[in-house]
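Nothing in this text is a laboratory measurement; each read-out follows from the coordinates by a stated rule. The structure presented is a predicted model; accordingly, all values stated were derived computationally and were not measured. Cβ: placed from backbone, ideal geometry, glycine included. Neighbour counts: every protein chain shown.
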Amino acid sequence: MVLFTDKKGLMELKGNEKYIGICPGAKHFTKRWPRGYFIELGNMLNKNGFKIVLLGGKDDKNLCTDLVKEIKNSIDLSNDDDILQTASNMQKCEAIICNDSGLMHAACAMKVPVLVFFGSTVKEFGFAPYNNKNIVLENNSLNCRPCSHIGRSNCPKKHFKCMMEITPNIAFEKLLELLSVDRQD
């Protein structure tokens, strides 16, 4: 793992590591995969030879700071909303794991494959990954979904099954599938 600091003091990735970017933030609670699940998945990926890079803006800094302490050998590159720096770091990743959020769209714009979680929202509302390799993880077995087109501050049913039933093991297997599809191209 090699990092260097640019003129603005921002950290940037350098080198030929197998980076996987994790963007754990989203504006609304019901659009965020659980913190503990990101930790479990990050550690699974670390054990399998991947370097985890945490990405986000100002609103994600506390979450990224917490996660970097819990995911072994991870790197926190969250910043003060420098989307160009974040996009540059995304390009060095083999894939981005994210919620249905603005950073999902940034990863798609950079043509980095995305594994994306949809909780209270659905891709049919028009916010799906666009023109990019992706796997969308969503719980289609619930009749309460979607409960919002933009997200909510809490689960109206109090069970949050739309995210809780998408386990780290499922995400790990789907990420490997996404990476194997990407390597075949």
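Here are some notes:
- Projected label distance in nm at residue 153 and residue 88, using a 7 Å step from Cα toward the beta-carbon: 3.7 nm
- Pair residue 47, residue 66: separation of 7 Å Cα→Cβ label points (nm): 2.3 nm
- Between 0 and 90°, nearest 10: helix 168-184 axis offset from the chain longest Cα axis: 60 degrees
- Label selected from [x] 16.2, 49; [y] 15.6, 45; [z] 15.5, 51, the criterion being Rg and Dmax of the Cα atoms in Å as computed here: [z]
- Among 15-27, 145-157, 62-74, the order from most to least packed when residues are scored by Cβ within 10 Å on average: 15-27, 62-74, 145-157
- Nearest 10 degrees, 0 to 90: helix 35-47 Cα axis against the chain principal axis: 50 degrees
- Sum of side-chain charges, residue 144 neighbourhood, beta-carbon under 10 Å (Lys, Arg +1; Asp, Glu -1): +3
- Taking each residue as 0.36 nm, the span from residue 140 to residue 18 lengthens on full extension beyond its C-alpha to C-alpha distance by 40.8 nm.
- Angle between the chain longest axis and helix 61-70 axis [Cα atoms, degrees, rounded to 10]: 80 degrees
- Where chymotrypsin sites (Phe, Trp or Tyr not before Pro) fall in DSSP loop in region 109-153, at most 15 other Cβ within 10 Å: 130
- Placing R0 at 25 angstrom, the Cβ-Cβ distance between residue 170 and residue 123 gives a FRET efficiency of 0.90 after rounding to 0.05.
- Relative contact order (percent, whole number), region 2-179, Cα cutoff 8 Å, 6+ residue spacing: 24 percent
- Value of [θ]222 nm, deg cm²/dmol, for the chain, DSSP H segments ≥ 4, -39500 (n - 2.57) each, nearest 500: -9500 deg cm²/dmol
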